[in-house]
1. Select from segment A:43-69 all residues whose loss of accessible area on going from the chain by itself to the full protein assembly reaches 50 Å² or more (probe 1.4 Å).
2. Determine by what factor the alpha-carbon radius of gyration of segment A:178-264 differs from 2.2 N^0.38 Å, reporting the quotient.
3. Choose one of A:P247, A:I258, A:L218: the residue whose Cα lies farthest towards the positive end of the charge dipole of segment A:204-260 (beta-carbon charges +1 Lys, Arg; -1 Asp, Glu; about the Cα centre).
4. Chains B and A: how much accessible area gets covered up at their contact, both sides added, probe 1.4 Å, in Å² to the nearest hundred?
5. Roughly what would the spin-label model give for B:E36 and A:T195, points 7 Å off Cα along C-beta, in nm?
6. Could you work out [θ]222 nm for chain A from helices alone, using -39500 (n - 2.57) per DSSP H run of at least four and dividing by all its residues? Round to the nearest 500 deg cm²/dmol.
7. Given a 1.4 Å probe and every protein chain left where it sits, what share in percent of the accessible area of chain A is carbon and sulfur?
8. Once the dipole of segment A:29-96 is set up with Lys and Arg at +1 and Asp and Glu at -1 on Cβ about the Cα centre, which of A:G43, A:G69, A:G32 lies farthest towards its positive end?
Amino acid sequence: MPAAVKLQQEFGERIQVILVESQGTGYEKSVGFALKAGWLGNGAIWTSQRPFSTGSGGLPSFALLDASGKVILKGSSNSMHGQIVDEIERMVGKPDYGDMPKSVQKVYKELNKGKIASAYAMAEKVIAKPGSKDASIVLAAAEASLVAVWSRFDSQVSSINWLAGNGYPIRALETAKDLAKNVSKRADMKMSADTLIEMLEGDEFKEQMKWDKSLTKLEMAMYENKEGDPRSIKKIEELKDEATGSPVGARAEGLAYIAKFAKK
Amino acid sequence: MRLNIAHLALPAILMVGAVTDAQVVEVGDVPTYNFEQAYNTMGSSKASDFLGKPILVDFWGTR
């Protein structure tokens, strides 16, 4: 298993690993290869499109980006593995806020805990009373943090809509309920989250919830068993037919399609 | 509230526009990128979607 996949397993949702097949194998074949090897099902993203180049001639190579999207390390994945782990541990352990005013750092710390409404209130408080020392700098940083809070909220709403529209209604509902808790002190945000919950708990999603539960079990079985687990794949194909025309049916179709490439 | 019912043909595979793959990045750069095809994106496929957490981009080969 590639070391990068192990890092995704170890650090979970605190990091995102993107594996880029770079020898021209092609998208379907490379994902099928990973499925056959038992490397899927851990949160890592797989593609065969190079988002950029590290300039390195050999494989495996890597680029490590911090939470702001800045490249902080690049080179050979094997020889620099220890440095990669050290940097990830540093970043997930204690984010670097640089020279950001302390009052605004608190906003981001709250936001990183997922407490959106609380972070919003803190940012508003700093904007109302930026203090007498470096007031304009504090104010600008606080206003930027407020934009970040709204952006996080919008991103969560988009994510819920994507999950609901792409065959993951159970995860969408769980995320919407978490969001509702985290924005309960802001009426406008709470109303949006409640609307999503109401939609996902409605009749339209009842059958999809059932299919999603079955499909997720089959998907995990497919990932856990090398060669893609032919029995699970057969059941996924059956579920695809049962749920045809729905987002869960389309998700099953996508899984069955990729599974074909694990057999080759 | 409208549902974004997109990408129904292959649900776990997101299709969006891509930037050039020839862009060589250096330490300190903030690259922009997105993927036309990627597996398990869960709706995240461009650089801005990943802000807030460290990203490890690993280039590997099947051969």
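The values are calculated or read from the model by the stated rules, or taken from the named source; none is laboratory data. Worth saying up front: this structure is predicted, and the values here are computed from it rather than measured. Because the Cβ atoms are built from the backbone with ideal geometry, glycine has one as well, and the counts that use them run over all protein chains shown. Ligands, DNA and RNA are excluded from the accessible area calculation, which covers all protein heavy atoms including side chains. Shrake-Rupley method; radii C 1.70, N 1.55, O 1.52, S 1.80 Å.
1. Residues meeting the cut-off: A:I45, A:Q49, A:R50, A:P51, A:F52, A:S53, A:L65, A:A67.
2. Numbers: Rg = 16.9 Å, N = 87, 2.2 N^0.38 = 12.0 Å.
Cα-based Rg divided by the globular estimate yields 1.41.
3. Positive-end residue among those listed: A:L218.
4. Numbers: alone 6110 and 15710 Å², together 15920 Å².
Interface area, both chains combined: 5900 Å², rounded to the nearest 100.
5. In this crude label model, B:E36 to A:T195 measures out at 3.5 nm.
6. On the way: 11 runs with 165 residues, N = 264.
Using -39500 (n - 2.57) per qualifying helix, the result is -20500 deg cm²/dmol.
7. Numbers: 6520 of 12910 Å².
So the carbon and sulfur contribution to the accessible surface is 51 percent.
8. Positive-end residue among those listed: A:G32.
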